[in-house]
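Reviewing the structure listed below.
The values are calculated or read from the model by the stated rules, or taken from the named source; none is laboratory data. This one's a predicted model, so the numbers in the text were calculated from it and none came from an experiment. Neighbour counts run over all protein chains shown; Cβ positions are idealised from the backbone, glycine included.
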Amino acid sequence: MSVISDVLANSSVTNTTTKDSLTSAATGGQALGKDAFLQLLVTQLKNQNPLDPQDNSAFVAQLAQFSSLEGITTLNETVSGIAGNYNSSQALQASSLVGRSVIAQTDKAVVDTSKSLNGTVVVPTSVSAATVKITNSAGTVIRTLELGSQSAGNASFIWDGKDSSGAVAPAGTYTFGASTTIDGTNTSLITYLPATVNSVTISQTGGELMLNLAGLGSVALSKVQTIGL
C-alpha cells in the first residue's frame, strides 16, 4: 500500500476529492473498488519514469488483478440475484403448503378416532418383532400394535382409533412409540405420521423452511416424507 500512496503523492492528480478517495481506499479507509483500482493503475502509468518504465510482468500482473476484481464483483452480483430468487421461490413454496396434509417424521399425531390412522415405522435392519405403543395425552398406553417380523425398510401400520378394550378412544393428540430389539437391546424406531400444515416459517438467512403442524409444533421440510392434498 505504501507504493500506491507514493504514486498518488507524486502524481499529477489535481482533483482533491478524487485523490483523497483513492488515498483512503489505498490505506484501508474504504474498500478498493474497480473504479479506484483502474484510476490508480492509469495514474501509475502516467507518472512512471520514462528512463525506467514499469516492468511488463508487473503491468500484466496488475491487469490480472483488475480482471480478478471485476470477476469477483460480477460474481457477487450474480449470487445476490440467485439469493433473491431463492427467497421468492421459498415464499411461493410456503404458500402452497399451508392447509396441506403431510406425512412427517414425528411421534405425535392429532387423531380423529372416528377414522383409521395410517403410519410408517422405519426399520433399520431385519427384526423378529416390532411394536407400536399408543399413548394418550395423560401418558397412559391405551393400545399396543404388534407388527411382527419385519425386513429392513418402511413398515406400515394402521390404528383403527380403538383402545385395547375395543372402545373408540376420544379424539385428540396421541404419541406413537415404536420399538424393537436389535442385538439384544431395546431400540426406539423412527415413525412417520400424518399432520396438517397450519403455517410455514421462512428463514431470513436462507435456511430451511419450517412447517408449523396443527397441534404438533414445527418440523423441518426435510423431515417430511409425503405431501398430500
Q. If only one of Gln225, Gln204 is assigned to a strand (DSSP E or B) and not assigned by TED's automatic domain parsing to the domain that holds Ala109, which one is it?
A. Gln225
Q | Yes/no for Ile182 being in the same structural domain as Asp112 (by TED's automatic domain parsing) and closer than 26 Å to Val98 by Cβ | A | no
Q: State the number of residues belonging to region 91-112 that are assigned to a loop (DSSP other than H, G, I, E, B), buried (at least 18 other Cβ atoms within 10 Å of the Cβ) and not charged (D, E, K, R).
A: 1
Q) In region 174-221, what residues are over 29 Å from the mean Cα position of the chain (by Cα) and surrounded by fewer than 18 Cβ atoms within 10 Å (Cβ to Cβ)? A) Ser179, Thr181, Ile182, Asp183, Gly184, Thr185, Asn186, Thr187
